[in-house]
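This report concerns only the one structure given below.
The values are calculated or read from the model by the stated rules, or taken from the named source; none is laboratory data. Just so it is clear, the structure is predicted and the values come from calculations on it, not from any experiment. We place every Cβ from the backbone using ideal geometry, glycine too, and count neighbours over all the protein chains shown.
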Amino acid sequence: MFITSAEYAGLFVVWAVSDPAAPKGKGITCFLVEATTPGIVIGKGESKTGQVGSATNTVRFEGCRVPASAILGRENDGFRIAVGELAGGRIGIAALSLGIARAAMDLAKAHAKERRQFDTPLADFQGIQWMIADRETDLAAARLLILDAAAKRDRGEPYAKEASMAKLFASEAAHRATDTAVQLHGGSGYIRDFPVERLARDARITRIYEGTSEIQRLIIARETLRQ
């Protein structure tokens, strides 16, 4: 379910149970499967709320046979590969979240300086300034969390907790930033002629994919208590 760019992929990374009798998480193998392999069926593109420029499809395997030479890594070692890739992917989603949030706040600040109420730019009102200050603080903190997680990965250090922290905070910050951007635009923020409504839709998925915000909290707590 929900396979990104499946209709354009030439190669699929597939995890499959290879030893049903093994303990949970131990009998999974990772395979590299060519998209032209008989038995792979790509479903239609999903109609999504946001990120519509990124295709999302279902992928079915109907009698799809692959040789042992297609194994990535070692047999029954797929779970370890999956966990490692998910942690790395969370840094990427965190960076994506920050980019959406940054774009939204840049638009919001520009609008607040241009739009006038009571002969005064919105940006001169203290209430508006506090909203901007909170969101800019969010974005600065998210950036530092992302850089910390990425640096640990580059150095070959454990980074699962840091990746989850970055993904959790940045995705939640993106939600707050895009919501604030829409609010600062007023009614215009709810109209598709203005890009902030698209950014708000794009940001929503960041709290779901590569592990929901709730799952990130479980990982952070588990790793913290283990240390």
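Quick notes
- Any hit, region 162-171, residues being among the basic types (Lys, Arg), touching a helix residue (DSSP H, G or I) at 6+ places or on another chain (Cβ under 6 Å) and either part of a helix (DSSP H, G or I) or at pLDDT 95 or above (or both): yes
- Among (1) within 15 Å of residue 101 (Cα to Cα); (2) buried (at least 17 other Cβ atoms within 10 Å of the Cβ) - the single one residue 165 does not satisfy: (1)
- Residue within region 202-223 that is assigned to a helix (DSSP H, G or I), farther than 29 Å from residue 4 by Cβ and in the same structural domain as residue 89 (by TED's automatic domain parsing) present: no
- Of the strands (runs of 3 or more DSSP E) entirely within region 1-91, those holding at least 3 residues that are free of Cβ contacts under 8 Å to residues at least 40 places away in the same chain occupy 40-42.
- Qualifying positions in region 26-54 - surrounded by fewer than 12 Cβ atoms within 10 Å (Cβ to Cβ) and touching a helix residue (DSSP H, G or I) at 6+ places or on another chain (Cβ under 7 Å): 49
- Odd one out for residue 193, checked against (1) part of a helix (DSSP H, G or I); (2) surrounded by fewer than 18 Cβ atoms within 10 Å (Cβ to Cβ); (3) modelled with pLDDT under 95: (1)
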